[in-house]
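The values are calculated or read from the model by the stated rules, or taken from the named source; none is laboratory data. What you see is a predicted model; the values in this text were computed from it and never measured. Note that we place each Cβ from the backbone using ideal geometry, even for glycine, and neighbour counts take in every protein chain shown. Just so you know, the surface numbers come from the protein's heavy atoms only, side chains and all, with ligands and any DNA or RNA stripped out. Shrake-Rupley method; radii C 1.70, N 1.55, O 1.52, S 1.80 Å.
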Amino acid sequence: MEKWDARQSQHRAGTSNASAQKQNIVAFESRRHLRDTISELIDLTNNSTLTTSDLQQRLNEQNATFGERFLTHLIRALLRPDQDERDAVVWLLIQLNAQETLAPLHQMAQNEHLSRPVRLSASLALAGMGATHEMQDIPRRSRLYAIS
């Protein structure tokens, strides 16, 4: 059986440790980029002259780029203390209208450990997506348009 000396094990431990550090740095940068992206979308919603379709396009691009993590961080943004930012997040969630957000939003709306404004924001997002019992009970009328 081959004998290992201390230098070989230190070298192997050092390479795996350095690799783990690089992965942690990349993951940290990715999370930072995601947080910055969500903050930018909130700022654009509050302080922008962009059209709704332009914001929806950016929202869909970020959703395609980050996937499930984007939706998770967007829902967590409802926990922000500023009411204007929460309103912007509600609007973004309504515009995105992703089915994957329904279950976490229902949980937030019913979680009594969260503050009342946060629960209300989650409920408003659900109502805007038509995902509450009250919104589902309303019969959808067909709209008639007069053409002249």
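All told, Gln62 falls short of being modelled with pLDDT under 95 and surrounded by fewer than 17 Cβ atoms within 10 Å (Cβ to Cβ).
Checked against the criterion of being open to solvent by 50 Å² or more (accessible area, probe 1.4 Å), small (Gly, Ala, Ser) and at pLDDT below 95, the candidates Ala103, Ala98 yield just one match: Ala103.
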